[in-house]
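Written below as structure tokens is the structure these notes are about.
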Amino acid sequence: MKIIITKACMGDRNCNDLCPEVFEYNEDELKSIVKFDEIPGQYKDVVRKAADECGADAIEIEDDK
Ligand code: SF4
């Protein structure tokens with residue numbers, strides 16, 4: 001699984017709260033970033049939940065394998 005966070009991120013940090021192992025808030029970019037190029041298997045479900053819940057629709061799943 002590969003994901004990106006687009007510029008639409010409004011920085012409410014919901015994804016960071018859901019899964020700090022994957023999402024990190026970047027103070028310089030004022031948006032969240034993804035810590036992994038390839039999402040480890042154990043985080044896939046919570047990443048899908050974060051994408052569903054993101055109020056800005058900023059978490060895009062590019063490859064769901
Ligand atoms: S939940 Fe969405 S809008 Fe909020 S910090 Fe994460 S990517 Fe950004």
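The values are calculated or read from the model by the stated rules, or taken from the named source; none is laboratory data. All figures in this text were calculated on a predicted structure; none of them were measured in a lab. Neighbour counts run over all protein chains shown; Cβ positions are idealised from the backbone, glycine included. Remember, those area values only see protein heavy atoms, side chains included, never the ligands or the DNA or RNA. Shrake-Rupley method; radii C 1.70, N 1.55, O 1.52, S 1.80 Å.
Converting phi to 3J(HN,Hα) with the Karplus coefficients 6.51, -1.76 and 1.60 and the offset θ = phi - 60°, region 53-58 yields 7, 4, x, 9, 6, 9 Hz in sequence order, with x at every glycine or proline.
Can you give the calculated 222 nm mean residue ellipticity of the chain, where each DSSP H run of n ≥ 4 adds -39,500 (n - 2.57) and the sum is split over every residue, rounded to the nearest 500 deg cm²/dmol? Rounded to the nearest 500, it is -6000 deg cm²/dmol. Here the simple spin-label model places points 7 Å from the Cα toward Cβ, and for residue 33 and residue 45 these points are separated by 2.9 nm. Accessible area ranking (1.4 Å probe, heavy atoms, ligands and nucleic acids excluded), largest first, for 64, 57: 57, 64. Rounded to the nearest angstrom and listed largest first, the equivalent-ellipsoid semi-axes of the chain from its Cα gyration tensor are 17, 12, 11. Charge dipole of region 17-61 (Cα centre as origin; +1 on each Lys and Arg Cβ, -1 on each Asp and Glu Cβ, all else neutral): 180 debye, rounded to the nearest 20.
Reported to the nearest whole Å, the Cα centre-to-centre distance from region 29-54 to region 10-25 is 8.
Here the contact order of the chain, divided by its residue count and restricted to Cα pairs under 8 Å and six or more residues apart, works out to 50 percent.
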